[in-house]
Amino acid sequence: MTDKDALCEEILRLKDERNAIILSHNYQREEVQDMADFVGDSLELSRTASTIKCDVIVFCGVHFMAESASILSPEKTVLLTELDATCPMAEMIQVSSPRKVWKTFPGYESQPAFIFPHEFTLRDIKSMHPGVPVVSYVNTTADVKAESDICCTSANVVKVMESLNDERVICVPDRNLSMWAQKSTNKKVIAWDGFCHVHDRITKEDVFRVRKEYPDALLMAHPECRLEVLELADHVTSTSGMLRFAKASDAQEFIVGTETGIIHRLRKENPGKIFHPLRKDMVCPNMKKTMLTSVFRALKEMNYLIKVPEEIRIPAKRALDRMLEIK
Ligand code: 13P
Ligand code: SF4
């Protein structure tokens, strides 16, 4: 028996002992996805977290995802496998205390640290546009959700926007998702200037290069990519939308415009079809922090516990529930 087999056996034993379920996002490492009871996109994971029967949820993803599970299922123990697995985009908006965030991200090392000059907070934007509903992407902290009217994911942003009667909506924090939503609905979107460093680095020149390299392939792109990239794609959708599209399509070859972790499932579920990353460096370092040893440690030591305080959880749940009611 290999060390990996022994580790997997221990995980299964502890999972049974704790009455736990392992949830994994589509961007996780291959071996983590293979160990999970359920692998999905943000919307599917939220739905599963709210309905699944267990005492413990082990969340292999990033912080906001485990927070959503805790918001929806306060009676369950929610464990995040790596505490510093955060989503930089979710940190780009604050409810009430403005701060300038200095960051360097992989792929941007050649540039000096750059700044998100967010002098404003969500409350400032709300007071500038009184009565305009706030749609917050699930890639936000629990307190931002608590200040929002409704949440959305990349899988349902258009339906969420269309469910609102208002002509104008505030959409935070992803500027690219906001622009895509504005283009795909008849809403006037007031957007925040946040972005995902993994998707936003893709340019239309990257698309021209990859299209030339694989002229027969269909291009699928995640709405966190820039509008200039989305306008060149054959299909714009969430990670699980890509899985459905690739399965249903007669095409044999695809270019994948999102984090490369999804390619594991695409290949597994479509033997014979060919998948190329749009760019090989579309890798989210935070999603890759979780290893099998992290899953084992989480179950053994019952950490890292994610628990949202009730005064935040209740209004945040209202925004998530309103989203989950949309079919
Ligand atoms: P999905 O909603 O497609 O799962 O994407 C989540 C995410 O973090 C994208 O970068
Ligand atoms: Fe956040 Fe981007 Fe990583 Fe998704 S891929 S978790 S949006 S940094």
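The values are calculated or read from the model by the stated rules, or taken from the named source; none is laboratory data. A quick note: this is a predicted structure, and the numbers were derived from the prediction, not measured. FYI the Cβ positions are ideal-geometry reconstructions off the backbone, even for glycines, and counts take in every protein chain you see. These area figures cover heavy atoms from the full protein model, side chains too; ligands, DNA and RNA do not enter into them. Shrake-Rupley method; radii C 1.70, N 1.55, O 1.52, S 1.80 Å.
Scanning the stretch 139-167 for residues that are closer than 24 Å to THR258 by Cβ and in a loop (DSSP other than H, G, I, E, B) gives ASN139, THR140, THR141, THR153, SER154, ALA155, ASN156.
Table: residues versus (1) open to solvent by 30 Å² or more (accessible area, probe 1.4 Å); (2) within 16 Å of ligand 2 (Cβ to nearest atom).
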position	(1), (2)
PHE59	no, yes
LEU79	no, no
ASP84	yes, yes
ILE93	no, yes
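Flag: TYR27 matches the condition of being within 22 Å of MET282 (Cβ to Cβ), at pLDDT 95 or above, among the aromatic types (Phe, Trp, Tyr) and within 14 Å of ligand 2 (Cβ to nearest atom). When the residues of the stretch 263-286 are filtered to those that are among the hydrophobic types (A, V, I, L, M, F, W, C) and out of contact with any Cys (no Cβ under 9 Å at 6 or more places or on another chain), the one that is most open to solvent (accessible area, probe 1.4 Å) is ILE274. Of all residues in the stretch 189-203, exactly one satisfies the criterion of being open to solvent by 10 Å² or more (accessible area, probe 1.4 Å) and among the acidic types (Asp, Glu), namely ASP193. Annotation: PHE59 fulfils all but one of (1) part of a helix (DSSP H, G or I); (2) in contact with a Leu (Cβ under 7 Å, 6 or more places away or on another chain); (3) among the hydrophobic types (A, V, I, L, M, F, W, C); the unmet one is (1).
Among the helices (runs of 4 or more DSSP H) confined to the stretch 261-327, the ones with at least 1 residues that are more than 30 Å from VAL95 (Cβ to Cβ) and touching a residue at least 60 places away in the same chain (Cβ under 8 Å) are located at 262-269, 292-301.
In summary, SER70 fulfils each of the numbered conditions (1) at pLDDT below 95; (2) open to solvent by 50 Å² or more (accessible area, probe 1.4 Å); (3) away from ligand 1 (no atom under 16 Å from the Cβ) with the single exception of condition (2). In the condition set (1) within 30 Å of GLU10 (Cα to Cα); (2) open to solvent by less than 60 Å² (accessible area, probe 1.4 Å); (3) not hydrophobic (A, V, I, L, M, F, W, C), LYS300 is compliant with all but (2). For the stretch 1-51, filtered to residues that are farther than 21 Å from THR239 by Cα and in a loop (DSSP other than H, G, I, E, B), the residue that is nearest to ligand 1 (Cβ to nearest atom) is ASN19.
Checking SER50, SER42 one by one, the residue that is closer than 30 Å to LYS159 by Cβ, out of contact with any Leu (no Cβ under 9 Å at 6 or more places or on another chain) and at pLDDT below 95 is SER42 and no other.
Restricting to the stretch 162-174, and then to whatever is away from ligand 2 (no atom under 15 Å from the Cβ) and farther than 14 Å from ALA319 by Cβ, can you tell me which residue is least open to solvent (accessible area, probe 1.4 Å)? Out of the qualifying residues, it is ASP166.
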